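In what follows, a structure is listed as structure tokens, so that the remarks can point back to it.
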Amino acid sequence: GAVVSQHPSWVICKSGTSVKIECRSLDFQATTMFWYRQFPKQSLMLMATSNEGSKATYEQGVEKDKFLINHASLTLSTLTVTSAHPEDSSFYICSASRSGVGEQYFGPGTRLTVT
Amino acid sequence: KQEVTQIPAALSVPEGENLVLNCSFTDSAIYNLQWFRQDPGKGLTSLLLIQSSQREQTSGRLNASLDKSSGRSTLYIAASQPGDSATYLCAVIMGQNFVFGPGTRLSVLP
């Protein structure tokens, strides 16, 4: 149980375009979802936290107008990278929580490459 | 602000060795601590979750201990195998937030 999927697993886009990444909780309802970014050989850094039906809370230094997060249902959250640039190339991982406290179930990640 | 460090940053050992990975954190007011494995280009696989009231957890060849007062956790891997090669991350859980360490890259040589 507690499976989280991400789609796509990898994506290549051209600079200036937007790309959407989906995160789904497959067998549970997620009250809270989290988005992380991981640069090569670095650890996961939290980008934002979202609760279903509410606006996302972004970490300091993360541009909310660039990284649009929508958590429209208890099983789906999306991250849209707008006007992507090569420096946005990274591994994006989402996680989902049933209770919001003390537990997170992680997706397999999405590799974004911006050319 | 919670800071998590992991030592060593990288480790290469011959197959069969027992090894210890270390995780340190600055704020002892943690909820839980969790160890993960990450293979190259992949997501996280949960290995062990230690609740703040516990001192250790075991799963197969893995044993994780937690000493909140000293701000330390260790992951012990017995009889290492080439398949154990991966990056090992510890995450300190503060309420709903997970704070990750930088990881230890482990290579087990056949």
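The values are calculated or read from the model by the stated rules, or taken from the named source; none is laboratory data. Please read these numbers as outputs of a predicted model, since none were measured by experiment. Virtual Cβ from ideal backbone geometry, glycine too; neighbours counted across all protein chains shown.
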Report summary line: Over the range A:53-98, the set of residues free of Cβ contacts under 8 Å to residues at least 24 places away in the same chain and within 14 Å of another protein chain (Cβ to nearest Cβ) is A:Ser54, A:Ala56, A:Thr57, A:Tyr58, A:Glu59, A:Gln60, A:Gly61
Report summary line: Screening B:Gly43, B:Gly16 for residues that are out of contact with any helix residue (DSSP H, G or I) (no Cβ under 8 Å at 6 or more places or on another chain) and more than 22 Å from A:Ser90 (Cα to Cα) leaves only B:Gly16
Requested in this report: Could you tell me which numbered condition A:Ala30 fails, if it satisfies all but one of (1) in a strand (DSSP E or B); (2) touching a Ser or Thr at 6+ places or on another chain (Cβ under 9 Å)?
Outcome: (1)
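Residue-wise test of (1) under 27 Å from A:Trp10 (Cα atoms); (2) out of contact with any Cys (no Cβ under 6 Å at 6 or more places or on another chain).
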| residue | (1), (2) |
| --- | --- |
| B:Cys23 | no, no |
| B:Trp35 | yes, no |
| B:Leu49 | no, yes |
| B:Gln57 | no, yes |
| B:Arg72 | no, yes |
| B:Gly83 | yes, yes |
| B:Gly95 | no, yes |
| B:Gly101 | yes, no |
| B:Arg105 | yes, yes |
Report task. Go through the range A:35-53 residue by residue and tally those that are at pLDDT below 95 and among the aromatic types (Phe, Trp, Tyr). Result -> 1
Query - Residues being within 11 Å of chain B (Cβ to nearest Cβ), within 13 Å of A:Pro8 (Cα to Cα) and either over 14 Å from the mean Cα position of the chain (by Cα) or of a type outside the set (Ser, Thr, Tyr) (or both) - total across the range A:99-115 - result: 4
Query raised in the report: If you take the residues of the range A:6-27 that are part of a strand (DSSP E or B) and either among the charged types (D, E, K, R) or under 11 Å from the mean Cα position of the chain (by Cα) (or both), which of them is nearest to the other protein chains (Cβ to nearest Cβ)?
Result: A:Gln6
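One line per residue, one yes/no per condition, for (1) modelled with pLDDT of 95 or more; (2) within 12 Å of chain A (Cβ to nearest Cβ); (3) under 27 Å from A:Met47 (Cα atoms):
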{"position": "B:Ser52", "(1), (2), (3)": "no, yes, yes"}
{"position": "B:Thr87", "(1), (2), (3)": "yes, yes, yes"}
{"position": "B:Thr104", "(1), (2), (3)": "yes, yes, yes"}
{"position": "B:Leu109", "(1), (2), (3)": "yes, no, no"}
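Of the residues A:Lys14, A:Lys66, A:Lys20, only one is modelled with pLDDT of 95 or more, in contact with a helix residue (DSSP H, G or I) (Cβ under 9 Å, 6 or more places away or on another chain) and farther than 21 Å from B:Gly95 by Cβ; which?
From the options A:Lys14, A:Lys66, A:Lys20, the qualifying one is A:Lys66.
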Requested in this report: Count, please, the residues in the range B:67-91 that happen to be under 13 Å from B:Val4 (Cα atoms) and aliphatic (A, V, I, L, M).
Outcome: 2
Query raised in the report: In the range B:24-49, which residue that is assigned to a strand (DSSP E or B) and under 18 Å from A:Gly109 (Cα atoms) is nearest to the other protein chains (Cβ to nearest Cβ)?
Result: B:Leu44
Query raised in the report: Would you say B:Pro82 is away from chain A (no Cβ under 13 Å) and closer than 29 Å to A:Gln6 by Cα?
Result: yes
